[in-house]
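The values are calculated or read from the model by the stated rules, or taken from the named source; none is laboratory data. Given the structure is predicted, the values throughout are model-derived calculations rather than measurements. Virtual Cβ from ideal backbone geometry, glycine too; neighbours counted across all protein chains shown.
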Amino acid sequence: MENQETPKLENQICFPLYVLSKEITGMYRPFLEELEITYSQYLVMMVLWENDGLTVNQIGEKLFLDSGTLTPLLKRLEAKSYLVRKRKKEDERVVEVSLTEEGRNLQKMACSIPGKMAEKLNLSDDDLLELKATVDKLMQIIEK
């Protein structure tokens, strides 16, 4: 028989994950303000720094974002001259996104952010690796 007890916030895994996500994103803010980008824009740029020339759909798959959410992000980054969007000649429905020289220069400026975040979180390398492994495990379960 199912447990009919009212769920308690303190017993839920979703709430601390929600708070952590919100707070960690906020911790990035001062570092990203120096680059004049938002956290969402930073995620897009990281994807392109790893694999330049992806399509909008490919970026969306990596970030779990639909094109309706992603397109405004890309437009703002294009307005800042960090990337260009071009329709493919073979299929004009497909938009390819490529970094500009300014976008590649931004990557050099962003290289210090992971270290600054690790310092701010004040966790050991082992703790960070363990947390990342646990989160990756949850992501694999969710993706199935």
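In the range 119-144, what count of residues is obtained for those that are charged (D, E, K, R), at pLDDT 90 or above and under 19 Å from the mean Cα position of the chain (by Cα)?
4
In the range 72-83, which residues are free of Cβ contacts under 8 Å to residues at least 24 places away in the same chain and surrounded by 15 or more Cβ atoms within 10 Å (Cβ to Cβ)? Show your work before the answer.
Here is the first cut: in the range 72-83, the ones free of Cβ contacts under 8 Å to residues at least 24 places away in the same chain are 72, 75, 78-79, 81.
The answer is 78, and nothing else.
Does the range 84-92 include one or more residues that are surrounded by 13 or more Cβ atoms within 10 Å (Cβ to Cβ) and modelled with pLDDT of 95 or more?
Restricting attention to the range 84-92, the residues satisfying the condition of being surrounded by 13 or more Cβ atoms within 10 Å (Cβ to Cβ) are 84-85.
Subsequent filtering for residues that are modelled with pLDDT of 95 or more retains 84-85.
Scanning the range 84-92 turns up at least one residue that is surrounded by 13 or more Cβ atoms within 10 Å (Cβ to Cβ) and modelled with pLDDT of 95 or more.
What number of residues in the range 1-45 are over 19 Å from residue 119 (Cα atoms), without any contact (Cβ under 8 Å) to a residue 12 or more places away in the chain and of a type outside the set (S, T, N, Q)?
14
Mind counting the residues in the range 1-41 that are of a type in the set (D, E, K, R) and either more than 30 Å from residue 102 (Cα to Cα) or touching a strand residue (DSSP E or B) at 6+ places or on another chain (Cβ under 8 Å) (or both)? First the steps, then the outcome.
Taking the range 1-41 as the starting set, the residues that turn out to be of a type in the set (D, E, K, R) are 2, 5, 8, 10, 22-23, 29, 33-34, 36.
Next cut, either more than 30 Å from residue 102 (Cα to Cα) or touching a strand residue (DSSP E or B) at 6+ places or on another chain (Cβ under 8 Å) (or both) only: 2, 5, 8, 10.
Of the residues in the range 1-41, 4 are of a type in the set (D, E, K, R) and either more than 30 Å from residue 102 (Cα to Cα) or touching a strand residue (DSSP E or B) at 6+ places or on another chain (Cβ under 8 Å) (or both).
Taking only pairs six or more apart or across chains, which ones have beta-carbon atoms under 7 Å, a first residue in the range 124-139 that is within 17 Å of residue 114 (Cα to Cα), and a second residue that is at pLDDT 90 or above and part of a helix (DSSP H, G or I)?
128/118
Would a scan of the range 101-115 turn up a residue that is assigned to a strand (DSSP E or B), within 15 Å of residue 41 (Cβ to Cβ) and in the same structural domain as residue 59 (by TED's automatic domain parsing)? Break it down stepwise before answering.
Start the filter on the range 101-115 by keeping residues that are assigned to a strand (DSSP E or B), which leaves none.
No: zero hits.
Spot the failing condition for residue 116; the list is (1) under 20 Å from the mean Cα position of the chain (by Cα); (2) surrounded by 13 or more Cβ atoms within 10 Å (Cβ to Cβ); (3) closer than 24 Å to residue 57 by Cα, and only one is missed.
Looking at each condition in turn, residue 116 falls short on (3).
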